[in-house]
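What follows is a single structure, written as structure tokens, with notes after it.
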Amino acid sequence: MIHIYTGNGKGKTTSSFGLAMRASGQGLKVIVFQFLKPKSLVTGEEKAAKKIKNLKIVKYEQEHPMFARPRVEGLGQREIKKSVNRAMIETKKAIFGGKYDMVIIDEIINAIDQGFAEKKEFLKLIKKVPKSVELVLTGRGDISKIEKFADYVTIMIDKKHPFRQHINARRGIEY
């Protein structure tokens, strides 16, 4: 089945990792592709996942301006798009390769919504997902074309958040 975790609220990635933990605890093989998040930021999810034999995380050098720390060597729009397209090749292999029971594509909705991944190509992809694969998609953005293929759609609502009081992300809570 296909799951979507979206909306402006906190918890999309956290929910997908909760599902990954549940699946791996039941012996399913899980892979998580993290798009647009800096490879340099090691999250609590990554640290925990390294301790689980059937849960793998794949990150890339894509650093979306939304997640990036200010730095001169940040990737430009064109470079991010190229990197996302290369990452999608690896993601497709995981979906259709028969090795994984669950494939999580974290922040893919952002990548599609902002033009870093081709929406038409992605729609073709999710139409062909094998019945043996649970596909989980996260991110903010327009899901109107994608949601009709989903079996689960969860929208996180941002009603209140410490970020609005200029409180930075905290280790162990937001990352």
Some residue of the range 117-124 being in contact (Cβ under 8 Å) with a residue 12 or more places away in the chain, among the aliphatic types (A, V, I, L, M), touching a strand residue (DSSP E or B) at 6+ places or on another chain (Cβ under 9 Å) and outside any loop (DSSP other than H, G, I, E, B): no
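Keeping to the range 93-112, report how many residues are charged (D, E, K, R) and surrounded by fewer than 18 Cβ atoms within 10 Å (Cβ to Cβ).
3
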Candidates GLU46, GLU90, GLU79, filtered to the one that is of a type in the set (Asp, Glu), at pLDDT 95 or above and surrounded by fewer than 19 Cβ atoms within 10 Å (Cβ to Cβ): GLU90
Residue in the range 53-61 that is at pLDDT below 90 and over 16 Å from the mean Cα position of the chain (by Cα) present: yes
Number of positions in the range 155-175 that are touching a residue at least 24 places away in the same chain (Cβ under 8 Å) and either surrounded by fewer than 16 Cβ atoms within 10 Å (Cβ to Cβ) or aromatic (Phe, Trp, Tyr) (or both): 8
Residue check, ILE173 more than 15 Å from the chain's Cα centre (by Cα) and either at pLDDT below 90 or of a type in the set (S, T, N, Q) (or both): yes
Set GLU107, GLU79, GLU118: member being within 18 Å of VAL32 (Cα to Cα) and acidic (Asp, Glu): GLU107
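The values are calculated or read from the model by the stated rules, or taken from the named source; none is laboratory data. All figures in this text were calculated on a predicted structure; none of them were measured in a lab. For neighbour counting, all protein chains shown are included, and Cβ atoms are generated from backbone atoms with ideal geometry for every residue, glycine included.
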